[in-house]
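Single-structure report; data block below.
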Amino acid sequence: MDREWNDNQPIYRQLRDRVVAMILDGVLKEGDPLPSVRNVAAELRVNPLTVLKGYQQLVDEGLVETRRGLGMFINAGARGLLLQGERQKFLGEEWPRVYATIQRLGLKPEELLENGTGRQASSETSSGTGSKTKKEEER
């Protein structure tokens, strides 16, 4: 986990969000244990109570369960629940702003798709690794 914190949100909330991102990205899977409170606190140089508070939010949301003497584990269905919530949040909060910008700029769907795939390919090839993506190899 990254040690950088932003001042706009409490650290425990940022910790919670990092674990959520790890679940969504597949780094943590259903049934996996969360890193121990002590290890995370030491690694990130934060108070263990801060880590515990972030973890407790995950428990309260039904994403994580505590197993006495064993630790905390990702619940079955946690990723699906998170995806559903994140999709609703995106469609309700972010998409209207994105759509308004698209309309204001007069962008066409074809332009968006071309630019989206072009940007991804150019960022992969400009990384300096020289390795080709699977799509590039298929061409």
Fewest to most Cβ atoms within 10 Å: Thr50, Thr101 sort as Thr101, Thr50
The rounded separation in angstrom of the Cα centers of the stretch 88-105 and the stretch 19-52 is 32
Percent relative contact order for the stretch 11-76, counting Cα pairs under 8 Å at least six residues apart, stands at 40
Those GluC sites (Glu not before Pro) from the stretch 1-82 that are DSSP loop and have at most 16 other Cβ neighbours within 10 Å turn out to be Glu4, Glu30, Glu61
Counting only DSSP loop positions in the stretch 14-45, the trypsin sites (Lys or Arg not before Pro) whose Cβ has at most 16 other Cβ atoms within 10 Å are Lys29, Arg45
Here the gain from full extension of Phe90 to Ala76, 0.36 nm per residue of separation minus their alpha-carbon distance, amounts to 2.7 nm
For the Asp60, Asp7 Cβ pair and Förster radius 30 Å, calculated FRET efficiency rounded to 0.05 is 0.75
Diffing the stretch 96-109: the Karplus 3J(HN,Hα) column from phi (6.51, -1.76, 1.60, θ = phi - 60°), in whole Hz with x for Gly and Pro, holds x, 5, 5, 4, 4, 5, 4, 5, 4, 8, x, 6, 9, x
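A short reminder: the numbers here are calculations on the coordinates, not readings from a lab. Keep in mind it's a predicted model, so treat the numbers as computed, not measured. Every residue, glycine among them, receives a Cβ derived from its backbone with ideal geometry; neighbour counts consider all protein chains shown.
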